[in-house]
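Notes to accompany the following structure.
Every number here is computed from the coordinates shown, using simple stated rules; none is lab data. A quick note: this is a predicted structure, and the numbers were derived from the prediction, not measured. Note: ideal-geometry Cβ built from the backbone for every residue, glycine included; neighbour counts use all protein chains shown.
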Ligand code: NDP
Ligand code: MG
Ligand code: MG
């Protein structure tokens, strides 16, 4: 079994007294900055003028330009959108990195696919939380955490692994479990997970179920509760105790339906498609397509985003959630 590290296994000395610059203050950025600060770390934030800049200031941070923050930093954590990182790296980060400091990421994409080539005189590591940034913050405040992977790409000081683990502990990840990975493994499994299961697989499954019911004449409200809302309740049971806990809690009829019908919906054909998706991630085809899509100004991304928003599940969901005040949207 892989070695999983917890708070008690991680020495934080390698980060003590050091300055961490968090570049970006979005989903991951605000969570890393606030969790590290609450863990006693000296944190500064690097940003351009704008919404995030104002928000980080309001939250009490010492906010600088990206270049000024990097110049001060012993650890520079890059939490900009992946597709925007190469340009900011070239213009504001690379030439300001202190020798023997550390350059860090929360996802291996740009380093693994050679969009960012770090200089030879810095440590390079990743700490990738396995969950959305808003939960990285919320769970930390609840004395819990989101698990994370760490990986070292380049170790010039001999301390890169210790610093990476201490960083993971600082954001609260070692309360849940921290595992070693490589940039390659993190990048490929992260892209596969979000495409095939967590985001792509799930939204397609939810929509297919919703459409099947509404096409057959059932009420959209019933289809929404059945195929989307209830998903969280089921997933919570899986999160707490695996598939077996979920199956323990559902009726025997539901469990029998799970056994006989689930494998008809997700079958060997689906797995063959998943393998195709994985292959295109591994051979760089997906990365190339996404990089080009961004260079072209995102024509397909925007078109699909607009048409997805018009799906009937959006309107019915907005209506029903308004009537459930306990359903909170954590995105502020
Ligand atoms: P977001 O899109 O939420 O945040 C982007 C931040 O970067 C904003 O604060 C934005 O500020 C700032 N920014 C954008 N462009 C620039 C620029 N040119 N100069 C300065 N600041 C800029 O990013 P995420 O948190 O989603 O992603 C960050 C990293 O974390 C990525 O590598 C991603 O793969 C990884 N990750 C993300 C997860 C998630 O939950 N979202 C999960 C695990 C890893 P402004 O307001 O000015 O636009
Ligand atoms: Mg992920
Ligand atoms: Mg990802």
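Assorted remarks:
- Label-to-label distance for residue 194 and residue 250 is 2.8 nm, based on points extended 7 Å past Cα in the beta-carbon direction.
- Reducing the stretch 206-220 and the stretch 121-160 to their Cα centroids gives an inter-centroid distance of 40 Å.
- Calculated FRET value between residue 225 and residue 155, using beta carbons and R₀ = 56 Å, to 0.05: 0.65
- Label positions at residue 318 and residue 243, each projected 7 Å from the Cα along the C-beta direction, are separated by 3.8 nm.
- Rounded Å value of the spacing that divides the Cα centres of the stretch 283-332 and the stretch 45-104: 27 Å
- Counting 0.36 nm for each residue step from residue 184 to residue 305 and taking away their Cα separation leaves a gain of 40.7 nm.
- Two-site FRET efficiency, residue 296 against residue 100, from Cβ-Cβ distance with R₀ of 51 Å, rounded to 0.05: 0.85
- Normalised contact order of the chain, rounded percent, pairs of Cα under 8 Å and 6 or more residues apart: 15 percent
- Three-way shape call for the stretch 193-322 based on the alpha-carbon gyration tensor, with the a/c threshold at 1.5: oblate
- Acute angle (nearest 10 degrees) that the helix 200-215 long axis makes with the longest principal axis of the chain, alpha-carbon atoms: 20 degrees
- Prolate/oblate/rounded label for the stretch 1-151 (Cα gyration tensor, a/c 1.5): rounded
- Prolate/oblate/rounded label for the stretch 269-322 (Cα gyration tensor, a/c 1.5): oblate
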